[in-house]
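Following: one structure in structure tokens, then a few remarks.
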Amino acid sequence: HSARIKHSTKRPGLREFTLANTDLVGSVATVVAPVVNATLGLKPVRKVVEGVMKIDHRRIFPKYAFGTFEGWMRKQRKAQAKFAKQVAYFHGCYVNYNNPPLGQAFVKVMNALGYGVQLLDKEKCCGVALISNGFVEKATKQAKVNLASIRKAKASGMNVVATSSTCTFTLRDEYEH
């Protein structure tokens, strides 16, 4: 990604905006997930998406969950706070908007190991989609929010864990750029 950041002259369009803004699209899509999932599964809709956004009609989009992992975790706060040992969880967009059961399973495993799980104070998308689609300034802003939240968790004695290899790679290897 560092070469794209330094040398790309392409201006992002609607396609890039939509693909890059995972928090915006995900927060809207999860509210009406059954409709979004059914609509994006229709061949005529996929043909229109291909014509307008240049996304191949054979591309299968991940399904959105009806509700977010963060919403589920808010209901778990008291139970998670009872554990003497705590970890902070960088769950990422995929767990939050597409696969909350993965995050819920992670919480169950950590609880079985004797750890409570806390969300970071402010978690934003790691920014890989923003970087890939030419929105480096916005990715930088989100990285600063994430780093401040990670530092705060570490300062309170919590290790920060993640289940997304893409997010982990981005936090570890791309943020320095």
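The values are calculated or read from the model by the stated rules, or taken from the named source; none is laboratory data. Here the structure is a predicted model, which is why all the values come from computation and not from measurement. We place every Cβ from the backbone using ideal geometry, glycine too, and count neighbours over all the protein chains shown. Remember, those area values only see protein heavy atoms, side chains included, never the ligands or the DNA or RNA. Shrake-Rupley method; radii C 1.70, N 1.55, O 1.52, S 1.80 Å.
Considering only residues that are open to solvent by 50 Å² or more (accessible area, probe 1.4 Å) and among the β-branched types (Val, Ile, Thr), which ones fall in segment 49-80? Listed by number, the residues that qualify are Val52, Ile60.
Considering the conditions (1) under 25 Å from Leu14 (Cα atoms); (2) at pLDDT 95 or above, Ala148 is excluded by exactly one of them, (1). Entry remark, segment 151-177: residues being over 27 Å from Thr18 (Cα atoms) and more than 15 Å from the chain's Cα centre (by Cα) number 10 in total. I'm trying to understand the selection: among the residues of segment 28-55, which are in a loop (DSSP other than H, G, I, E, B) and closer than 18 Å to Pro100 by Cα? If the condition is that a residue be in a loop (DSSP other than H, G, I, E, B) and closer than 18 Å to Pro100 by Cα, then Thr30, Val31, Val32 are the ones that fit. In segment 81-177, counting only strands (runs of 3 or more DSSP E) that sit wholly within it, the ones holding 1 or more residues that are open to solvent by 80 Å² or more (accessible area, probe 1.4 Å) and either in contact (Cβ under 8 Å) with a residue 60 or more places away in the chain or of a type in the set (A, V, I, L, M, F, W, C) (or both) span 159-162.
Run down Val25, Val32, Val45 and say which single residue is at pLDDT 90 or above, of a type in the set (A, V, I, L, M) and open to solvent by less than 60 Å² (accessible area, probe 1.4 Å). Exactly one residue qualifies, and that residue is Val45.
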